[in-house]
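Peer 1: Questions regarding the structure given below will be posed in turn.
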Amino acid sequence: MPAVPRDELISRFEESVRDSGYQSLLLSDQKTKPFRFDVYNDIERFTIIAYIWTLTQGGGKGRHRDDEFKIQLTLSGNQWQKGLLFPENTVTLLLGWSEDLHVWAGFDAHYHQVLTGRSNMVSIYGDALEKAANGQIGMNKKDNGETAVAFPPFFLVDYAKNVNVLHGYAQEEVATEAVEQATLKTDNPLKVADIPAVKRSTISVTLFQRYRDRRFRSNIIRIYGNRCAITGMQLDLVDAAHIIDVAYDESTDEAKNGLCLSALCHRAFDIGLIGVTPEYRVVLSQEKVAELQGRAVIDGLDTFRGLLRPDLILPQDPAYHPSPEYLRRRFELHGWDISSFS
């Protein structure tokens with residue numbers, strides 16, 4: 001496929017940062033690589049130096065497999081003589097973007113720190129990219145020790161924060177199998193036992209739990225068209241909520257156990273101020289309202305009530321509609337009397 005223009009590559013990067021739950025600001029000239037981004041959320045802020053090219057098919061002369069996809073590290077002027085940049089307090093990424101599969105391939109930048117000429121090539125196998133397209137992390141290691149990691153857009157920031165750890169896993173066959181198993185697409189939330197003991201560490205469990213959380217969020221927001229199912233609001237203010245909370249063993253990551261909600265409605269849903277009946281009616285808890293009145297924190301109720309639609313906005317595909325059984329079970333698990341909601 002033809003190369004994606006630089007401005008579109010930058011847009012893909014920025015969209016992926018947003019899908020990862022962060023914001024970004026381009027600090028450099030978009031006409032010259034590498035691109036420098038300020039990446040941040042409410043908790044942290046850091047800088048990413050990103051070398052980005054389009055992935056194209058073909059691994060060059062002497063390739064061992066026909067399903068290789070490559071990036072050509074072409075740098076202008078004398079940049080190639082300096083090698084890749086690794087400024088202090090930044091993360092340097094060497095990335096390839098697949099426009100066909102809508103996934104990223106990350107290469108070990110340290111392995112290519114010293115460039116041998118004006119044009120250097122690195123590649124990744126197609127099966128790793130296909131795994132990423134199916135919502136999984138894909139890894140491969142070449143005979144020369146070069147590693148590559150393929151992943152969906154929602155994992156970009158976590159990849160950046162754990163780039164050395166992930167490429168370290170890619171060096172070991174057992175660790176690679178553990179990563180691919182832990183990120184295998186499944187309806188069940190990650191449990192510690194899902195990760196083989198060989199890599200069952202705090203870093204692994206936290207990282208892969210976050211991976212599945214990001215995947216659930218990305219899927220739900222996409223299914224609902226970036227729209228709050230209760231208010232119809234978009235404005236890039238939506239999030240994904242589990243109907244049966246992940247704290248319960250019976251919780252799943254199925255689309256039918258998720259709702260796309262604005263931040264305000266998500267909070268109201270979590271504390272039991274609003275609920276959704278098995279018939280998809282949006283209801284307000286009179287018990288919670290009475291509690292808020294008793295605590296003298298009731299201001300804004302009428303405004304909030306005015307935002308609520310009487311019925312849930314459903315995804316176009318009935319296969320993704322919330323499960324009425326899960327909606328009913330939510331009331332039971334929280335000990336809420338559904339008759340007190342109206």
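The values are calculated or read from the model by the stated rules, or taken from the named source; none is laboratory data. Note that the structure is predicted; figures quoted are calculated from it, not measured. When we count neighbours, we look across all protein chains shown, and the Cβ atoms used for this are built from the backbone with ideal geometry, even at glycine.
Peer 1: Of the residues that sit in region 299-342 and are outside any loop (DSSP other than H, G, I, E, B) and aliphatic (A, V, I, L, M), which one is surrounded by the most Cβ atoms within 10 Å (Cβ to Cβ)?
Peer 2: L327
Peer 1: How many residues does region 142-171 contain that are surrounded by 16 or more Cβ atoms within 10 Å (Cβ to Cβ) and either modelled with pLDDT under 80 or not in a helix (DSSP H, G or I) (or both)?
Peer 2: The number of residues fulfilling the criteria is 9.
Peer 1: Determine, yes or no, whether L259 is over 17 Å from L327 (Cβ atoms) and under 21 Å from the mean Cα position of the chain (by Cα).
Peer 2: Considered against the rule, which asks whether it is over 17 Å from L327 (Cβ atoms) and under 21 Å from the mean Cα position of the chain (by Cα), L259 comes out as no.
Peer 1: Here is a follow-up. Only one of V39, V122 is under 23 Å from R212 (Cα atoms), part of a strand (DSSP E or B), modelled with pLDDT of 85 or more and in contact with a strand residue (DSSP E or B) (Cβ under 7 Å, 6 or more places away or on another chain). Can you tell me which?
Peer 2: On inspection, the qualifying residue turns out to be V39.
Peer 1: Quick check: anything in region 173-182 assigned by TED's automatic domain parsing to the domain that holds A132, over 27 Å from I243 (Cα atoms), at pLDDT below 75 and buried (at least 20 other Cβ atoms within 10 Å of the Cβ)?
Peer 2: yes
Peer 1: Within region 243-251, is even one residue out of contact with any Asp or Glu (no Cβ under 7 Å at 6 or more places or on another chain) and modelled with pLDDT of 90 or more?
Peer 2: Yes, because at least one residue in region 243-251 is out of contact with any Asp or Glu (no Cβ under 7 Å at 6 or more places or on another chain) and modelled with pLDDT of 90 or more.
Peer 1: All but one of (1) touching a residue at least 40 places away in the same chain (Cβ under 8 Å); (2) surrounded by 20 or more Cβ atoms within 10 Å (Cβ to Cβ); (3) in contact with a Gly (Cβ under 9 Å, 6 or more places away or on another chain); (4) in a strand (DSSP E or B) hold for L259, so report the exception by its number.
Peer 2: So the condition that L259 fails would be (3).
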